[in-house]
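Structure first, then comments.
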Amino acid sequence: MLSGLHERFAGRFARSEPRARALTYMAGLIAPLERKNGWTLAERAGEGHPIGMQRLLGEADWDVDGVRDDVRDFVVETIGAKDGILIGDDTGFLKKGTGSAGVQRQYTGTAG
C-alpha cells in the first residue's frame, strides 16, 4: 500500500533523490520506532546522518500542495465513505525526555 501511495505522488518531486527519500521517510513514520525524529528515521533508512531527511522537508524542490492533495485523495479512496466525516482532535502525546529542547510539560488534551 505504501508503494502505491508513493507512486501516486512521486512525480511531484523535481529530482530522483528526494523522490526516493520520501518513500523511506514515510516508511519510517509508520515503523514501530520508539521515537521518530531526523536521526531515527535516517538510521532506519541506512543513512549515517539526518541531513538528507532534513533537506527533504526543508529544501527539496517538490509540490507540497500537490502531494497533500494526492495523499488526501488516496485516503478518501482507500478508507473513505460517502457519508463519512473527519474529526480533527488536538490531542497530543506526553514528552518522555528531560534534556532535549521542547520536552518540558506542555498542555495536551489527554494530560491537561
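The values are calculated or read from the model by the stated rules, or taken from the named source; none is laboratory data. For clarity, every value in this text was computed on a predicted model and none was experimentally measured. All Cβ positions, even for glycine, are placed from backbone atoms using ideal geometry, and neighbour counts span all protein chains on display.
A few comments on the model shown:
- Residue count for region 54-81, restricted to those that are under 19 Å from Leu5 (Cα atoms) and part of a helix (DSSP H, G or I): 18.
- Residues located in region 1-16, provided they are loosely packed, with under 15 Cβ neighbours inside 10 Å, of a type outside the set (Ser, Thr, Tyr) and at pLDDT below 90: Met1, Leu2, Gly4
- Odd one out for Leu86 among (1) outside any helix (DSSP H, G or I); (2) modelled with pLDDT of 90 or more: (2)
- Applying a threshold of 6 Å to beta carbon distances and a minimum spacing of six or more residues, or different chains, the list of pairs starting in region 1-20 at a residue that is under 17 Å from Asp69 (Cα atoms) and ending at one that is in a helix (DSSP H, G or I) and among the acidic types (Asp, Glu) reads Arg8/Asp70; Phe9/Asp70.
Residues checked against (1) over 20 Å from Phe74 (Cα atoms); (2) touching a strand residue (DSSP E or B) at 6+ places or on another chain (Cβ under 6 Å); (3) not in a helix (DSSP H, G or I):
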site: Leu5; (1), (2), (3): no, no, no
site: Arg8; (1), (2), (3): no, no, no
site: Gly11; (1), (2), (3): no, no, no
site: Leu23; (1), (2), (3): no, no, no
site: Leu29; (1), (2), (3): no, no, no
site: Glu34; (1), (2), (3): yes, no, yes
site: Leu41; (1), (2), (3): yes, no, no
site: Glu47; (1), (2), (3): yes, no, yes
